[in-house]
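> Just passing along the structure, written as structure tokens.
The values are calculated or read from the model by the stated rules, or taken from the named source; none is laboratory data. Since the structure is predicted, the reported quantities are computational estimates derived from the model, not experimental observations. Heads up, the Cβs are rebuilt from the backbone with ideal geometry, glycines too, and the neighbour counts pull from every protein chain shown. Quick note on the areas: whole protein, heavy atoms, side chains included, nothing else; ligands and nucleic acids left out. Shrake-Rupley method; radii C 1.70, N 1.55, O 1.52, S 1.80 Å.
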Amino acid sequence: KQELSSAIIYAIQFKNKIFQSNISVRKEFNSQYSIPLVYNFGVQMPLRDKKILMRTNIGTKYRTPTFNDLYWAVWGNPHLQPEHGLSSEMGTQLTIFNKKHTSLYSDINCFYSVINDVILWNPQGAVWHPTNYAQYIMRGIELRLKHNYTNIKYTFINNLGFDYNASYFSKLYSSNTSNASIGQSFFYTPKFSINFSPQVIHNSWNWGLFTNYQSVRSYSLSKSFPSYLLIDFVVKKSVKTKNITAIYNFQIKNITNKQYQLIRSYPMPGRYFEFSIQFLLNN
């Protein structure tokens, strides 16, 4: 199989003291598909002495199937159609306070997309096959908080992330698929995800915990993975000489030895350890 493609991309950016905007247009020529014009438009505007940063972005989407999607022996589907749709998002970055020793920042982002002919790999027995779903609506909210505190000897950094994903299938092609699929959440996507990572820095030492909570995730119409919480520990030590900086990194992953799966029938490892050394050449 052979596929030939080329593309022309035009982009323009406008910036002044009030706001910044950009527009990009892409036209791709493909030997197998007639690809429409793809565009993207974004605006960013600071408010209140740059303590608030507003942003919005909207654009069209178009993705052709890969060769693995189409021609992977036994597994592929040569009848797949390209994905296409419209994507939009809006966000706000806020400096809640920024003082001499401490600061707190927040970022909230909302997204909404309508994607048609979504390509999704699903198992049929022991063999996976990609299929076009008629329409998939992606919507959700992402929240980030970052807190820094520094005294004479220590720096404390706390990062908190919360994601809410309410995406679902809104239309289906296959007459053999139950109507129960309409409204079904996207497979392997948790509705709630929470991340918290506190760190302590002292001279050349860095200690941190990384916690990640994932809510229930479905992998079929009637079956799902249970929720899980993972905790990792990391410690780093930097040793500097005149010409080389060595960074020693030791991690304990999945401290609680939690049993979980990201993809059905592919279990993830339990508790394990990592050790690495990175060398940086100083100029």
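> Output yes when any residue across region 134-151 is of a type in the set (Gly, Ala, Ser), open to solvent by 60 Å² or more (accessible area, probe 1.4 Å) and more than 19 Å from the chain's Cα centre (by Cα), and no when none is. It would help to see each step written out before you state the result.
Step one: of region 134-151, the residues of a type in the set (Gly, Ala, Ser) are 134, 140.
Next, only the ones that are open to solvent by 60 Å² or more (accessible area, probe 1.4 Å) stay: none.
No, because not a single residue in region 134-151 is of a type in the set (Gly, Ala, Ser), open to solvent by 60 Å² or more (accessible area, probe 1.4 Å) and more than 19 Å from the chain's Cα centre (by Cα).
> While we're looking at this one, here's another question. Hey, among the residues in region 7-21 that are open to solvent by less than 60 Å² (accessible area, probe 1.4 Å) and modelled with pLDDT of 95 or more, which one's farthest from Tyr62 (Cα to Cα)?
Filtering region 7-21 for residues that are open to solvent by less than 60 Å² (accessible area, probe 1.4 Å) and modelled with pLDDT of 95 or more, the one farthest from Tyr62 (Cα to Cα) comes out as Ser21.
> Between residues in region 206-228 that are farther than 18 Å from Asn254 by Cβ and without any contact (Cβ under 8 Å) to a residue 24 or more places away in the chain and residues that are among the hydrophobic types (A, V, I, L, M, F, W, C) and open to solvent by 30 Å² or more (accessible area, probe 1.4 Å), which pairs lie under 9 Å by C-beta distance while being six or more apart or on different chains?
Note: pairs meeting the criteria are Ser222/Ala180; Ser224/Val216.
> Do we find a residue being open to solvent by 60 Å² or more (accessible area, probe 1.4 Å), farther than 30 Å from Ile23 by Cβ and touching a residue at least 24 places away in the same chain (Cβ under 8 Å) anywhere in region 126-133?
No: zero hits.
> Just to verify a result, which residue in region 61-87, among those that are aliphatic (A, V, I, L, M) and within 24 Å of Val38 (Cα to Cα), is surrounded by the fewest Cβ atoms within 10 Å (Cβ to Cβ)?
Filtering region 61-87 for residues that are aliphatic (A, V, I, L, M) and within 24 Å of Val38 (Cα to Cα), the one surrounded by the fewest Cβ atoms within 10 Å (Cβ to Cβ) comes out as Leu86.
> For Gln32, work out the one condition from (1) closer than 16 Å to Thr92 by Cα; (2) at pLDDT below 95 it doesn't fulfil.
(1)
> Can I ask one more? Output the residues belonging to region 156-175 that are open to solvent by 40 Å² or more (accessible area, probe 1.4 Å), modelled with pLDDT of 65 or more and not in a strand (DSSP E or B).
Hits for region 156-175 are Leu172, Tyr173.
> Same structure, new question: When you go through Ser238, Ser222 one by one, which is the residue that is out of contact with any Pro (no Cβ under 9 Å at 6 or more places or on another chain), open to solvent by 50 Å² or more (accessible area, probe 1.4 Å) and of a type in the set (Gly, Ala, Ser)? Show your work before the answer.
Numbers: Ser238 fails: open to solvent by 50 Å² or more (accessible area, probe 1.4 Å).
One residue alone meets the criteria, Ser222.
> Related question: Looking at region 51-75, which of its residues are in contact (Cβ under 8 Å) with a residue 40 or more places away in the chain and farther than 26 Å from Ala7 by Cα?
Hits for region 51-75 are Lys51, Ile52, Leu53, Val74, Trp75.
> Which count do you get for residues in region 88-115 that are at pLDDT below 95, assigned to a strand (DSSP E or B) and open to solvent by 40 Å² or more (accessible area, probe 1.4 Å)?
So the count comes out to 3.
> List the number of the failed condition for Ile194; all other conditions in (1) at pLDDT below 95; (2) buried (at least 16 other Cβ atoms within 10 Å of the Cβ); (3) in contact with a strand residue (DSSP E or B) (Cβ under 6 Å, 6 or more places away or on another chain) hold.
Only one criterion in (1) at pLDDT below 95; (2) buried (at least 16 other Cβ atoms within 10 Å of the Cβ); (3) in contact with a strand residue (DSSP E or B) (Cβ under 6 Å, 6 or more places away or on another chain) is unmet by Ile194, namely (1).
> Continuing with the same structure: Keeping to region 248-267, report how many residues are aliphatic (A, V, I, L, M) and modelled with pLDDT under 95.
Count: 2.
> Something else now. Test Tyr272 against the stated conditions and say whether it is among the hydroxyl-bearing types (Ser, Thr, Tyr), closer than 27 Å to His147 by Cβ, open to solvent by 60 Å² or more (accessible area, probe 1.4 Å) and free of Cβ contacts under 8 Å to residues at least 24 places away in the same chain.
Against the criterion (among the hydroxyl-bearing types (Ser, Thr, Tyr), closer than 27 Å to His147 by Cβ, open to solvent by 60 Å² or more (accessible area, probe 1.4 Å) and free of Cβ contacts under 8 Å to residues at least 24 places away in the same chain), Tyr272 does not qualify.
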